[in-house]
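J.: Handing you a structure now.
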Amino acid sequence: MLGYAARRIAGIVPVLLILITVSFFVVRLAPGGPFDQARPLPPRTRAELEQLYGLNRPLIVQYWHYLQGLAHGDLGPSFKMHDDTVAGLIAQGLPVSLTLGSSALALALLIGVPLGLWAALGRGGALDHAVCAFAAVSLALPSFVTGPFLALAFGLWLHWLPVAGWQAGEPRYLILPAVTLALPVCASVARLMRGGMLDVIEASFVRSARARGLGRWRVLRHHALRPALVPVVSYLGPAVASLVTGSLVVETVFELPGTGRYLVQGALNRDYTLVMGMVLLYGTLTLLCNLAADLIHAWLDPRVRGEHA
Amino acid sequence: MSSIRPPVEPVALPASRAAAGAATVLAVEDLSVAFRGAEGLAPAVEGLSFTVQRGECLGIVGESGAGKTQAFLAALGLLASPAHVTGRVRLDGQELLGLPERALDRIRGARVGLVFQDPMASLTPHLRIGDQLAEPLRRHLGMGAREARGRALQLLERVRLADAARRMRQYPHELSGGMRQRVMIAIALACDPQLLILDEPTSALDVTLQAQILNLLAEFKRERGVALITHDFGVVAGLADQVAVMRAGRLIEQGSTAEVLKAPREPYTRQLLGRDDSRQAASPPGSGAGLGALLPVTLPASRPRVSECSPAHPCPTPRLALSGVGVSFPVARGWRRQALRALDGIDLTLGAGEALGVVGESGCGKSTLTRAALYLIRPAAGEVLWMGRSPADLPGGELRRLRRELQIVFQDPLASLDPHLTVQRLVAEPLEIHRPQLDASGRLEEVCGMLERVGLDRSLLTRRPHELSGGQCQRVGIARAMILKPRVLVCDEPLSALDAPTRAQVLALLAELRREQGTSLLFVSHDLSSVQRLCDRVLVLYLGRMAELAPAQALFAAPHHPYTRELLAAIAVADPDIQPARLAQVRLGEPPSPLELPQGCAFRTRCPQASSLCAERAPAWEQTAEDRWAACHHLRGRADDMLLK
């Protein structure tokens, strides 16, 4: 198990290198550059800027310099926000996004898992129908609808919570965005949990465990739960990475200073280094989350361990 | 953990029975089970009554869907879907129907032990063997963790699981099917129940494993009542004292095992026994006529002569020939990669119209052999020849054209048919590929003709596989394979997913198609009796190596290789006079891992005749009689044959 984890972590490095290489060139091959604007800069200023950021050199040299910087942990300066480095921007935004994402994740799991379980155990009953309907609606509504609606209801009408904004250490500002972000995830978790449990309670080994007179709750907790969690874990691997790197929509609706906007802003502004920094962050997190999902899967089901060895 | 409870609640026996000395463990009276479906109640069991006495085994026999399992699941409140259950079920005088779940939980596992059919799926995959065994001990007997572990180890030793201490720490998937079934039995016996319910305990296992498990179960029936659910009268003959035959939810015949098996009253029972009135076994059992006479052999009326082709007199061009074929698969073991040699040095020929049977335990390479013969797996060594031509040397188009001459029927009829396609499309597809000049009406005509030949009605043309029964699916599989009139038909366990009566029908169909079209059959099966009925010659495989090759009748009458002898001895015979004795003689243990083959002869670790010579070098493949070959240092058969001459 440990050896397997070590090998998988080592395997992340070449994947990241490919990711960096491909996105480095694709971003730069896209038409336009960081200093193309509606009102063109004077040629002299532009040349100076390009000289400053090394954009006048051949691509391959720029690539080499970027890699050298990375090796020292330097993500380079932002081309657009001239006072900031990319690392600095991420360091400012990531704590907000991380807090928001992990609260949303916790919320989704704490509500989604029990809902899915209840629905599966009372299959065909009123609760099951209610959970399925809730999941369908939550998945269908985009967060640019639920977000403003929640802000309207709890912020403007009821005055319970702030409509938008962010103050570190003030959980009041966290609640509405976290709920908005958690809703679709929670719905997916509930559906997958329900489906997983329904498959497992019909399995031969669960009937076998019941035939041993172990009691309903012990059979559920010790025999059925772990295998039923497998679909949820597989889904959460990639989902967690996008949760904690922030969501453009939620951060825009609630005016949060997270990293979610950087990827889109960076791409639109041709802020090469910022895009690269976000791609790197997102890629690393995705790979790590998938690794964690695979390790949890192996813990849930010992049959998987042999296959990876 | 649950609180400590007395293991068994004292229950007063009805005075009359206690006085008679016969203790009724389970009394079922007028049990009916009906499932609530879309169209009202669908009855699964109707008016079932029987009793199980202490120290006695009741065999409940019937086809799948007869309601055997449902009756017991209903009695114990284990039915999967909501059902309407009426009647009376008394365990030691205590009524079970209508008991609340908590009360049933004190009975299930404590006073009633259950063993289910599929040992692969009946153990929880993420819990260690030792923990699963300790669970009922701790719950029902209130044992502490240490005590339960000690008791679990004893139980594993009692069911004779080799290396029990190590097995305690393993997960179910690390054990073979036979070992898992031993674990299931150990769990069922853990709290020393009064009643043991065995639901098809051996049908997922090989003959050799079946015999071992039955042997083990025979030991445990003395102190308790046993209900044995099965479709196999051979299993009943070895274990049961009483038999109840069920059909479509009703009990149709009941009596002592000897009565029912020797003189069945109902035609249906005779059919299940494989005895039509016309073909009653001629020679009395135990007359020394050899095993062949004991098995219900039903040969096709005009059986083609054993082909002239044999290793001794090879045809100029056999339809299929394998010479020195070896196949290996890479396997990861921890950090190392290792080659698993699935097949090694296989030589065989299949002549025109010949049927060659391939038998052996699971994991012996039977299926791999079919894949290698069809060149679906490229052999690592040796050569495959189709009609004298090597598929390895053929260009792609030519290879595809030649492939139509070799078709395959798979083990699982449902899984091997595309669920989206109708029967018509499924059977017509080979024509679309190999005879594109045929127009739609011509294809339909061919398809209908073929369906008629395999005994399927035209009305099934628009059905999809899940709307068919297992037997019908397998007929579609055969129709699909035979529609191109191939010269070779490879059958990979075509019967193992089917019921006994369906099995006989499909077997008869194969024999007929072979006779009509002169198709050569390569028939792979672990069911020795169907091989005996269908095949001219039989190849016995042991761990990917050839053990014996002989004409079928000669092999079954007098096996030469000790492995063949053990295999034949393990067959369950539906004769209560001799089957218990046969069971008691089964010696074969678990096969070694194919990754850790013994030096010298691969069979020596399980061979009753093994000597130091067997450890030194592998035996050569040598001729033992006319048309007979075997690989063994101690061929007893050779001497017998010489005496006969």
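J.: For residue B:591, what is the net charge nearby, where nearby means another residue's Cβ is under 10 Å from its Cβ and Lys, Arg count +1, Asp, Glu -1? List each step's numbers first, then the result.
T.: Details: positive: B:606; negative: B:206, B:361, B:590.
With Lys, Arg at +1 and Asp, Glu at -1, the net is -2.
J.: Right, here's the next one. Got the relative contact order for region B:312-458 handy, in percent, Cα pairs under 8 Å and 6 or more residues apart?
T.: Working: 155 pairs, mean separation 31.1, N = 147.
Normalised by residue count, the contact order of region B:312-458 is 21 percent.
J.: Specify the angular offset, from 0 to 90 degrees and rounded to the nearest 10, of the alpha carbon long axis of helix A:172-201 from the longest principal axis of the alpha carbons in chain A.
T.: 50
J.: Using the beta-carbon distance between residue B:30 and residue B:616 and R0 = 56 Å, what value does 1/(1 + (r/R0)^6) give for FRET efficiency, to the nearest 0.05?
T.: On the way: r = 67 Å, r/R0 = 1.19.
E(calc), rounded to 0.05, equals 0.25.
J.: State the extension gain, in nm to one decimal, for the chain segment bounded by residue A:267 and residue A:145, taking 0.36 nm per residue of separation less the distance between their alpha-carbons.
T.: Numbers: separation 122, 0.36 × 122 = 43.92 nm, distance 2.45 nm.
Fully extending the segment from residue A:267 to residue A:145 adds 41.5 nm.
J.: In deg cm²/dmol, rounded to 500, what helix-only [θ] at 222 nm does chain A give when every DSSP H run of at least 4 residues adds -39500 (n - 2.57) and the total is split over its residues? Mind showing how you got there, number by number?
T.: Details: 14 runs with 219 residues, N = 309.
Helix contribution divided over all residues of chain A: -23500 deg cm²/dmol.
J.: Given the C-alpha centroids of region A:5-64 and region B:496-521, what is the distance between them in whole angstrom?
T.: That distance is 69 Å.
J.: Tell me the mean residue ellipticity at 222 nm calculated for chain B from its helices only (DSSP H runs of n ≥ 4, each -39500 (n - 2.57), averaged over every residue, nearest 500). Let's see the in-between values first.
T.: On the way: 24 runs with 217 residues, N = 645.
Calculated at 222 nm, the ellipticity per residue is -9500 deg cm²/dmol.
J.: While we're on this one: In the P(r) worked out for the protein assembly as shown, what percent of Cα pairs fall beyond 55 Å? Please report the intermediate quantities before stating the final value.
T.: Working: 135243 of 454581 pairs.
The answer is 30 percent, as a whole percent.
J.: What's the magnitude of the charge dipole for region B:15-276 around its Cα centre, counting Lys and Arg as +1 and Asp and Glu as -1 at the beta-carbon? Answer in Debye, nearest 20.
T.: Working: 32 positive and 29 negative charges, 164 e Å.
Dipole magnitude for region B:15-276 comes out near 780 debye.
J.: Ranked highest first by the average count of other Cβ atoms within 10 Å around their residues, in what order do A:5-14, B:584-593, B:405-414 fall? Could you put the intermediate results ahead of the total?
T.: Numbers: A:5-14: 12.0, B:584-593: 16.2, B:405-414: 20.6.
Per-residue Cβ counts within 10 Å, averaged per peptide and sorted highest first, yield B:405-414, B:584-593, A:5-14.
J.: Further, regarding this structure: Filter the GluC sites (Glu not before Pro) in region B:569-626 down to the DSSP loop ones having no more than 14 other Cβ atoms within 10 Å, then list what survives.
T.: Numbers: sites: B:596, B:616, B:622, B:626; in loops: B:596, B:626.
Those that pass, being in a loop and sparsely packed, are B:596, B:626.
J.: Below 15 angstrom from the Cβ of residue B:543, what's the summed charge of the other residues (Lys, Arg +1; Asp, Glu -1)?
T.: Details: positive: B:341, B:366, B:545, B:604, B:606; negative: B:206, B:344, B:361, B:548, B:566, B:590, B:596.
Once positives and negatives cancel, what remains is -2.
J.: Tell me the net charge near residue B:86. Cut-off is 11 Å between Cβ atoms, residue B:86 excluded, with +1 for each Lys or Arg and -1 for each Asp or Glu. Intermediate values should be presented prior to the final figure.
T.: Details: positive: B:88; negative: B:29, B:30, B:46.
Counting the neighbours of residue B:86, the net charge comes to -2.
J.: Normalised by the residues of chain B, what does the relative contact order come to in percent, with Cα pairs under 8 Å and at least six apart? Please report the intermediate quantities before stating the final value.
T.: Details: 1277 pairs, mean separation 88.9, N = 645.
Dividing the mean separation by the residue count of chain B yields 14 percent.
J.: For residue B:421 and residue B:444, what is the calculated FRET efficiency with R₀ set at 25 Å and r taken between the beta-carbons, to the nearest 0.05? Before the final figure, lay out the partial values.
T.: Working: r = 15 Å, r/R0 = 0.59.
Given R0 = 25 Å and the Cβ-Cβ separation, E is 0.95.
J.: Oh, and also: In nm, what is the difference between 0.36 nm times the number of residues separating residue B:121 and residue B:95 and their Cα-Cα distance?
T.: Numbers: separation 26, 0.36 × 26 = 9.36 nm, distance 3.06 nm.
Extra length from residue B:121 to residue B:95 when fully extended: 6.3 nm.
J.: Residue B:623 label point, 7 Å along Cα→Cβ, cut-off 16 Å on backbone N: hits in region B:531-568?
T.: Only B:549-551 fall inside the zone, counting backbone N under 16 Å.
J.: OK, next. About the Cα centre, and with charges only on the beta carbon of Lys, Arg (+1) and Asp, Glu (-1), how big is the dipole of region A:129-247? Nearest 20 debye, please. Before the final figure, lay out each step's value.
T.: On the way: 10 positive and 3 negative charges, 148 e Å.
With only Lys, Arg, Asp and Glu charged at Cβ, the dipole is about 700 debye.
J.: Going by Cα centres, region A:154-217 and region B:98-140 are how many Å apart?
T.: Region A:154-217 and region B:98-140 have Cα centres spaced 31 Å from each other.
J.: For residue B:485, give me every one of the aspartates and glutamates with a C-alpha distance below 12 angstrom, ignoring sequence neighbours fewer than eight places off in its own chain.
T.: Straight-distance partners of residue B:485: B:405, B:446, B:516.
J.: Still on this structure: Placing +1 on the Cβ of each Lys and Arg and -1 on the Cβ of each Asp and Glu in the protein assembly as shown, which of A:206, B:620, A:284 has its Cα farthest towards the positive end of the resulting dipole?
T.: Farthest along the dipole direction, towards plus: A:284.
J.: Using only alpha carbon pairs under 8 Å that are at least six residues apart, calculate the relative contact order of chain A and give it in whole percent. Let's see the in-between values first.
T.: Working: 356 pairs, mean separation 83.2, N = 309.
It rounds to 27 percent for chain A.
J.: Suppose R0 equals 45 Å; then what is the FRET efficiency for residue A:52 and residue A:170 from their Cβ-Cβ distance, rounded to the nearest 0.05? Numbers along the way, then the final one.
T.: Values: r = 39 Å, r/R0 = 0.88.
It comes out at approximately 0.70.
J.: Right, another one. Under unit Cβ charges (Lys, Arg +1; Asp, Glu -1), what dipole magnitude, rounded to 20 debye, does region B:551-645 have relative to its Cα centre? Provide the component values of the computation, followed by the final result.
T.: Working: 10 positive and 11 negative charges, 38 e Å.
Charge dipole of region B:551-645: 180 debye, to the nearest 20.
J.: Between residue B:88 and residue B:265, what is 0.36 nm times their sequence separation minus the Cα-Cα distance? Round to one decimal in nm. Walk me through the numbers on the way to the answer.
T.: Working: separation 177, 0.36 × 177 = 63.72 nm, distance 2.76 nm.
Taking residue B:88 through residue B:265 to full extension adds about 61.0 nm, to one decimal.
J.: Also: Using the charge dipole of chain B (Lys, Arg: +1 at Cβ; Asp, Glu: -1 at Cβ; taken about the Cα centre), state which of B:213, B:539, B:127 has its Cα farthest towards the positive end.
T.: Of the candidates, B:127 comes out farthest on the positive side.
J.: Which order do peptides B:159-169, A:279-289, A:60-70 fall in by mean Cβ count within 10 Å, highest first?
T.: Values: B:159-169: 15.9, A:279-289: 18.9, A:60-70: 14.0.
Highest to lowest by the protection proxy: A:279-289, B:159-169, A:60-70.
J.: Rg to Rh ratio, chain B, alpha-carbon atoms and Kirkwood radius?
T.: On the way: Rg = 26.3 Å, Rh = 26.8 Å.
In chain B, Rg relative to Rh is 0.98.
J.: For the pairs B:262/B:366; B:68/B:366; B:68/B:221, note any where the Cα-Cα span goes beyond 27 Å.
T.: On the way: B:262/B:366 35 Å; B:68/B:366 33 Å; B:68/B:221 20 Å.
Beyond 27 Å: B:262/B:366; B:68/B:366.
J.: Students often check this: by mean Cβ neighbours within 10 Å, which of A:92-100, B:106-114, B:527-535, B:140-148 ranks highest, and how do the rest follow?
T.: Details: A:92-100: 19.8, B:106-114: 25.3, B:527-535: 22.7, B:140-148: 17.1.
The most tightly packed comes first, giving B:106-114, B:527-535, A:92-100, B:140-148.
J.: Once a ≥ b ≥ c are taken as the square roots of the eigenvalues of the Cα gyration tensor of region B:551-645, is the result rounded (a/c under 1.5), prolate (a/b larger than b/c) or oblate (a/b not larger than b/c)? Could you put the intermediate results ahead of the total?
T.: On the way: a/c = 2.16, a/b = 1.14, b/c = 1.91.
It comes out oblate by the Cα gyration axes.
J.: So, one more: With point charges of +1 on the Cβ of Lys and Arg and -1 on the Cβ of Asp and Glu, referenced to the Cα centre of chain B, which listed residue (B:498, B:59, B:330) lies farthest in the positive direction of the dipole?
T.: Ranked along the dipole, the leading option is B:330.
J.: Turning to a different aspect of this structure: Give the angle, between 0 and 90 degrees and rounded to the nearest 10, that separates the Cα long axis of helix A:43-53 from the longest principal axis of the Cα atoms of chain A.
T.: That helix lies at roughly 50 degrees to the long axis.
FYI, it's all coordinate maths here, none of it is from the lab. Worth saying up front: this structure is predicted, and the values here are computed from it rather than measured. Here the Cβ is made from the backbone with ideal geometry for all residues, glycine too, and neighbour counts use every protein chain on show.
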